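To keep things clear, I will list the structure first and then write my remarks on it.
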Amino acid sequence: MSLIPHDSFHGSALNCAWALSSLTLGDIEGSTGIDASRINDFMLERAYPSDSEIEKLAKALNVLPGFFNQVWVEIPDHAINIKWSNKKQGG
């Protein structure tokens, strides 16, 4: 049984997790070993990650694997502001 069925993986969730992280695409590529062009294909839903890739992405982006089965249309501004405020305060 896979972590997330292909039809339940949403590239928008990966894009959201990345946007809320302080990582570059190169950082994610380096920590996961997944080629940046493949990660981009996941975000655009031109390809779907394997279970192993989902686990690596989740770990690199500090989210649970199930995060990727949620649709994210737009990242709320307050979510970004909270993240940056907490980072500046050491949180």
Segment LYS59-VAL71, length gained on full extension (0.36 nm per residue, minus Cα span): 2.4 nm
Return the loop-located trypsin sites (Lys or Arg not before Pro) in region 31-66 (DSSP other than H, G, I, E, B) with at most 16 other Cβ atoms within 10 Å of their own Cβ; answer none if there are none. ARG46
Karplus-derived 3J(HN,Hα), 6.51/-1.76/1.60, for each residue of region 63-68, Hz, glycine and proline x: 10, 7, x, x, 4, 6
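A short reminder: the numbers here are calculations on the coordinates, not readings from a lab. All values derive from a computational prediction rather than experimental measurement. Backbone-built Cβ (ideal geometry, glycine too); neighbour counts: all protein chains shown.
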